[in-house]
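Taking it in order: structure first as structure tokens, then the write-up.
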Amino acid sequence: MKSSFNGVILVSLYFFSFQLFAKTELRFCYEDKNVAPMFIGTGQEIPLQNPGASIELLRQLDKKLDGLSISYQRKPWSRCLNDLKNNNVDAVIASYRKGRESFAVFPSTSNKTPDPSRAFNQFSSCLVGGNKFRDKWRTREIFQQRAFTLALPSGYGLSKTLEQEPFFIHYTHSRDKAFELVDKGVVDATVELCKIGDIEITNFPHTNKDVQAIYPPYELSHGYLVFSRQFYQQNKELSLSIWQKITSLDSSKMLIEYLTQPRINHSLTASNR
């Protein structure tokens, strides 16, 4: 009888130990394209070195939470979103778009709106041009017939804010080419990342000091670590803990460190998808 009782205790201790040390896997999906400074490299491979600021921050998060184990997948962005919707992955980093709340859970305020204080990152984008353009831009409301030429790399669209402005769009094959055209005066302006968090940056690919950003930024974008509805429902306390730990990460510092690495091929605006 005593032996049987001891066996029960051992089994109970085993399951208790298993629960104590078991970790919940979080399957994180991100784009298989180079989206620097957030994600570096292309294809399905997860780089061990210089994987991108967002992956390094997630690895820090993994270490901070004992009950968490993050695994990584790289796919086309549309596949990541679709897999989140179908519970084939558990999390992505994404900006808020109307309709995404139907399948993705965002950290929210008491008003049920996304909570910027628990965002994974914050980017601001500015118009960038020379002195003449900047002066004319400030007086565009007086001279409403005035139109400007904006250089954009192929594949990039205007934000809703800029769609209302008097622009002719000149598409280029790269970000560097867009800046080259601005530098030579062929076009009036381009767009570029100008703030990370609250820190202004001027990581422009040109040598003409006349070319500067126009503040305040025309667009502010928050990237959130969002969970599938299934993962959140099954791991609500862990999800809340993850969002809380995100507030302790210095994401701006990590992103800027990546931007200042000369070997990194930067994207146009590093904006969230």
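The values are calculated or read from the model by the stated rules, or taken from the named source; none is laboratory data. All figures in this text were calculated on a predicted structure; none of them were measured in a lab. No Cβ is skipped: glycine too gets one built from the backbone with ideal geometry, and neighbour counts run over all protein chains shown. The protein model used for the area step is the full one, side chains on, heavy atoms only, and it has no ligands, DNA or RNA in it. Shrake-Rupley method; radii C 1.70, N 1.55, O 1.52, S 1.80 Å.
So what is the accessible area of the stretch 169-233 per residue, in Å², with the probe set to 1.4 Å? Mind showing how you got there, number by number?
Numbers: 3300 Å² over 65 residues.
Heavy-atom accessible area per residue stands at 51 Å².
For the stretch 50-125, what does the alpha-carbon gyration tensor say about shape, rounded, prolate or oblate, given a ≥ b ≥ c as the root eigenvalues, a/c under 1.5 as rounded, and a/b over b/c as prolate?
rounded
Projecting each Cα onto the charge dipole of the stretch 146-236 (Lys/Arg +1, Asp/Glu -1 at the beta carbon, about the Cα centre), which of 156, 178, 224 comes out farthest on the positive side?
Highest projection toward the positive end goes to 224.
What percentage of the solvent-accessible surface of the stretch 84-197, computed with a 1.4 Å probe over protein heavy atoms, is contributed by carbon and sulfur atoms?
45
When you count, for each residue, the other Cβ atoms within 10 Å and take the mean per peptide, how do 248-260, 81-93 rank with the highest first?
Sorting 248-260, 81-93 by mean packing, highest first, produces 81-93, 248-260.
Share of Cα-Cα pairs in the stretch 46-91 beyond 16 Å, in percent?
So the portion of pairs separated by more than 16 Å is 48 percent.
Measure out, as a whole number of angstrom, how far apart the alpha-carbon centroids of the stretch 70-114 and the stretch 219-253 sit.
That distance is 10 Å.
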